[in-house]
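To keep things clear, I will list the structure first and then write my remarks on it.
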Amino acid sequence: MNWISDWALPKISGLFKRDVPENLWHKCPACEQMIFRRDLDAALNVCPHCGHHMRISATRRLECTLDEGFSRIELPKAPADPLRFRDQRRYTDRLKEAQAKSAMDDAVAVAHGTIEGQRAVVAAFEFAFMGGSMGAGVGEAIVTAAKLAVLQDAPLIVFTASGGARMQEGAVSLMQMPRTVIATRLVKEAGLPFIVVMCDPTTGGVTASFAMLGDIHIAEPNALIGFAGARVIEQTVREKLPEGFQRAEYLLEHGILDMVVKRGEMRATLARVIGLLRVPLVLRQPEVSVEEVTVLSAPEEPSPPAQA
Ligand SMILES: [Zn+2]
């Protein structure tokens, strides 16, 4: 507490301080190698040494999935803090902080555009926004995305990354489970593909609702996907869980997923899947009637089972 430490030292260190950003390097949490931030960004947050998929922001996700020129849509406002919830801090304060940090209103961003030239509506969860938890705002985002997909006659793709229901919204957050399920049903009823890409982690109420109802289930490598945490399950069933339990590769092996796709190949994979699921545009020209297309592509009647 003297003038040297209070005044002189900061001045001197200020003189020599170079303008180097502190986060120029990033340490991979899996292999602990240092990665140059710019390289990591170019590799879409995938470690170039060990292939570990780190989390990626919703904004970046939209950018690397959709073709240039996509439009992000404004989402309807959900009632903020319906229960006037407070734990150590007020829920409204937590919300404000998350909004300022992420520049998003809630934990999901929605955009429409094209993926390798094919129309698509994409919703991406932002895990950094209160653990990607699903409250009324997230429910509203999924409903809006689903309605937009129907309106645009485009497939709906949702990238999930969520800890589950948002406990600060209590029953209101649980209500988002049936809401989102009904919303994705609208997409299916319109005959449009609904594709879920599960990212690390996809758990709780999101897994227990729309995330498990996709036509195609894709996941990123090693993503944690499950309902309850492994420790809770172990304590309940009193058994040691197998190696890799609740990880993407394990779930692929056990039939919960259709594909595990690296982030760098996701865009091309989505484009291929959409191309396979949708009637090609050539066949949708007015000169070819819908009936003709249906007849052309209708599978043959299944033959009756042979009598034993
Ligand atoms: Zn690594």
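Measure off 7 Å from each Cα along the Cα-to-Cβ vector at Arg60 and Ile182, then give the distance between these two points in nanometres to one decimal.
Rounded to a tenth, the inter-label distance reads 3.7 nm.
Rounded to the nearest 0.05, what FRET efficiency do Glu189 and Glu116 have when you use their Cβ-Cβ distance and R0 = 35 Å?
E between Glu189 and Glu116, to the nearest 0.05, is 0.85.
Where does each of Val172, Val196, Val46 land when they are ordered by accessible area, with a 1.4 Å probe and the largest first?
The ranking, largest first, comes out as Val172, Val46, Val196.
Students sometimes get this wrong: rank Tyr250, Tyr91 by accessible area, probe 1.4 Å, all chains present, largest first.
Most to least solvent-accessible, the answer reads Tyr250, Tyr91.
Which order do peptides 236-243, 69-76, 198-205 fall in by mean Cβ count within 10 Å, highest first?
For the peptides 236-243, 69-76, 198-205, the packing ranking is 198-205, 69-76, 236-243.
Add +1 for every Lys or Arg and -1 for every Asp or Glu among the other residues with Cβ under 11 Å from the Cβ of Ala154, and state the total.
Result for the local shell: +1.
For the stretch 56-278, take the convex hull of the Cα atoms, compute a quarter of its surface area, and give me that in nm², please.
So the mean shadow area of the Cα hull is 12.3 nm².
Just subtract the alpha-carbon distance of Ala42 and Asn222 from 0.36 nm times their residue separation and send over the number in nm, one decimal.
Result for the pair: 62.8 nm of gain on full extension.
Between Glu68 and Leu213, what length in nm is gained on full extension when 0.36 nm per residue of separation is reduced by their alpha carbon distance?
Using 0.36 nm per residue and subtracting the Cα-Cα distance, I get 49.3 nm.
For Cys50, tell me the accessible area in Å² from a 1.4 Å probe, rounded to the nearest 10.
Result for Cys50: roughly 70 Å² accessible.
Would you be so kind as to identify which of Ala219, Ser173, Ala146 lies farthest towards the positive end of the dipole of the stretch 137-240, taking Lys and Arg as +1 and Asp and Glu as -1 on Cβ and the Cα centre as origin?
Looking along the dipole axis, the top candidate is Ser173.
Of all the C-alpha pairs in the stretch 135-216, what % are more than 14 Å from each other?
Every Cα pair in the stretch 135-216 considered, those over 14 Å come to 57 percent.
For His26, His49, His217, give me the order by solvent-accessible area with a 1.4 Å probe, most accessible first, ignoring ligands, DNA and RNA.
From most accessible down to least: His49, His26, His217.
If R₀ is 45 angstrom, what is the calculated FRET efficiency for the pair Asp6 and Glu32, using the beta carbon separation as r and rounding to 0.05?
Once the sixth-power term is evaluated, E becomes 0.70.
The values are calculated or read from the model by the stated rules, or taken from the named source; none is laboratory data. What you see is a predicted model, and the numbers here were worked out from it, not measured in a lab. Reconstructed Cβ throughout: ideal geometry from the backbone, glycine too, with neighbour counts over all protein chains shown. Ligands, DNA and RNA are stripped out before the accessible areas are found, and what is left, the full protein with its side chains, is counted by its heavy atoms. Shrake-Rupley method; radii C 1.70, N 1.55, O 1.52, S 1.80 Å.
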